[in-house]
Amino acid sequence: MSGNSQSATARVSTFVLMIIFITLALSLTALVLAVNAFSYGNEVVAGYLLLVGFVGVSMSTYVLLQSRRRMARLKIETPPIVTTIECRKCGFKNVREFSRGDYVFKELELCQKCNEKMIITAIYREVKEKEKGFSLR
Amino acid sequence: MNEVLIELAGMSVLQNQFLQFPGGDSLTQILSILFYGVFIVFLFYGQRIQMYVMLREVEGSLYKLKYIKDEGRKIAIETIKEIGKPQADPTPRVDRFLEYFTIPPQSMDPAGIVWKLDNILDVRDTRLKDEVKLMAPATDEPQGFNLENTLEAAMALNYIYKVIRHFYLLGKKTLSLYIIMQIQMILPMVMREAEAYASALKAFAYGQPIGDGAGALVAAKLMHGAETRKIQKDCIVGQVPIEGRVAYVIKAEGPGGNVGKPGDAIKTIIEENEGKISTVVMIDAGLKLEGEGVGEVAEGIGAAIGGPGVDQFKIEESTLKYRIPINAVVIKEDIGDAVSPMRKEISDAVDKAIERVKSVILERTKEGDKVVIVGVGNTIGIGQ
């Protein structure tokens, strides 16, 4: 089922990509033809080809960027989780990446400084807030 | 719609009067006809075009929901295989589990509905635990709880996907603007919830503390080092001296993903003390409004507990019997933070919440009094 869904997503994006690239190629051809027509003094045709070419290039670029953004959004982000380990006796603190089996108040190895058992005091993720233009707070 | 028409008419006039394209009158006429054509198309088919735009938007979100749902299912199956060591492939059983439903009790005659709902939730809980045990026989109790939470998150994602798909297909079939419109309007909120469940999946699978566990973490910090005992159901209580008072600190038993039944636990403690409890202080994660900061601590009165309402009802009943005041301290967060791995701001807010609890006790009780402190929430990744 998972495989089906992935192939469906891939199929859609391949199809869209094909259309985008065909449009892009035709638009670029139109631009080249526009230059050609202009050099032959056919300004009317050159004008239209230029218009078609620019519209085609901008539209296909826009759709390409949009579909890339959609693909980027199709990911489940897993933020880094950190585990804070502390020695309750001497206050020695160590922060490391979370590993399966960690939980708050779990007793771990002995402290490097005072040989007392260390415990996990916090497990959390840090989120970087996006910059905002203005705030009403 | 009117704005579009006015704009088109304006463009047509502009084109007629000022934009003289090279090629003379015939070309201007062709372009005029083209503009009128567009004008007429928008006049008659504007709504339909709008509908197709909305359908396309819903379709895009549906693809994303399908991806998230399939990922959820994959993570659940992989976790079962990894820690449950099943003899057979758990996939068919997981698929059956994802379609599991619960029928709420009939509410035409609402008297006694809480106990009926309580019974149904108990049966559901037992059934889910049995299913998890069959799927993953090698798991211990905390791992079983975590697996159950993982499967429930996958189940929620499956349900969200199916509901959105239902409205999308129904809208497409009937071409009713209103069916499509209502789903398109709530889509941003639905997507936020789905993304929150998606990030919860890995947290549950790995046993990481989640934002909802803020209350449980407060209770854990208060009772850490004290002697604890089990109390019904799936809860734990520790007797701790705080500011010259005797505090019964209650939380769900960790570190497995578990919310326990704080309603029953509070009732037991109150009955054990024959109602001689000065105050009950409940700490929970509270949904913040947009604009409020994550990890802000607020104080109020009432039973701070979410869920279907059974536990809130029981707490209110028990405290009413002996006229015990209930105080609440909440740590603000949004729905995404509540089910995803705990943010640093929430973890840091726990100490502030403890200070607030202590100040409530100092202000509202006398030395030597007995108080009940309840840390509400999922205790996944939090011991005691």
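The values are calculated or read from the model by the stated rules, or taken from the named source; none is laboratory data. Bear in mind the structure is a predicted one, so any value in this text is a computation, not a measurement. Neighbour counts are summed over all protein chains in view; Cβ atoms, including those assigned to glycine, are modelled from backbone coordinates with ideal geometry.
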Kindly indicate the residue of the stretch B:227-243 that is within 29 Å of the chain's Cα centre (by Cα) and not β-branched (V, I, T) and also surrounded by the most Cβ atoms within 10 Å (Cβ to Cβ) among those meeting that condition. B:C235
Suppose we keep only residues that are farther than 29 Å from B:M189 by Cα and either acidic (D, E) or within 14 Å of chain A (Cβ to nearest Cβ) (or both) within the stretch B:296-324. Which one would you say is farthest from the chain's Cα centre (by Cα)? B:E317
Can you tell me which of B:R343, B:R356 is among the basic types (K, R) and closer than 21 Å to B:R245 by Cα? B:R356
Qualifying residues in the stretch B:244-295 (those that are more than 14 Å from every other protein chain (Cβ to nearest Cβ) and at positive phi) - the one surrounded by the most Cβ atoms within 10 Å (Cβ to Cβ): B:G260
What is the one condition in (1) out of contact with any Lys or Arg (no Cβ under 7 Å at 6 or more places or on another chain); (2) more than 26 Å from B:A111 (Cα to Cα); (3) modelled with pLDDT under 95 that B:I283 does not satisfy? (3)
Can B:A136 be described as more than 21 Å from the chain's Cα centre (by Cα) and either more than 14 Å from chain A (Cβ to nearest Cβ) or modelled with pLDDT of 90 or more (or both)? yes
Selection within the stretch B:62-107 - polar (S, T, N, Q) and crowded, with 20+ Cβ neighbours inside 10 Å: B:T79
Restricting attention to the stretch A:87-102, the residues that are over 15 Å from B:P209 (Cβ atoms), at pLDDT below 90 and of a type in the set (K, R) number exactly 3
Picked from the stretch B:325-346 (must be touching a strand residue (DSSP E or B) at 6+ places or on another chain (Cβ under 6 Å) and more than 14 Å from chain A (Cβ to nearest Cβ)), the residue farthest from B:A216 (Cα to Cα) is B:P325
What number of residues in the stretch B:331-346 are surrounded by fewer than 24 Cβ atoms within 10 Å (Cβ to Cβ), in contact (Cβ under 8 Å) with a residue 40 or more places away in the chain and farther than 18 Å from B:R192 by Cβ? 1
Could you please find all residues in the stretch B:329-348 being among the small types (G, A, S) and farther than 19 Å from A:F105 by Cβ? B:G336, B:A338, B:S340
Can you tell me which residues in the stretch B:117-134 are closer than 21 Å to B:P255 by Cβ and either aliphatic (A, V, I, L, M) or in contact with a Pro (Cβ under 6 Å, 6 or more places away or on another chain) (or both)? B:L128, B:V132
1 or more residues more than 26 Å from B:D369 (Cα to Cα) and not hydroxyl-bearing (S, T, Y): qualifying strands (runs of 3 or more DSSP E) within the stretch B:200-258: none
Quick one: count up the residues across the stretch A:27-66 that are within 14 Å of chain B (Cβ to nearest Cβ) and outside any helix (DSSP H, G or I). 2
May I ask you to verify whether B:A154 is of a type outside the set (K, R), modelled with pLDDT under 90, buried (at least 22 other Cβ atoms within 10 Å of the Cβ) and out of contact with any strand residue (DSSP E or B) (no Cβ under 6 Å at 6 or more places or on another chain)? no
Suppose we keep only residues that are without any contact (Cβ under 8 Å) to a residue 24 or more places away in the chain and closer than 30 Å to B:I242 by Cβ within the stretch B:181-226. Which one would you say is surrounded by the fewest Cβ atoms within 10 Å (Cβ to Cβ)? B:G225
Spot the failing condition for B:F145; the list is (1) crowded, with 24+ Cβ neighbours inside 10 Å; (2) in contact with a strand residue (DSSP E or B) (Cβ under 8 Å, 6 or more places away or on another chain), and only one is missed. (2)
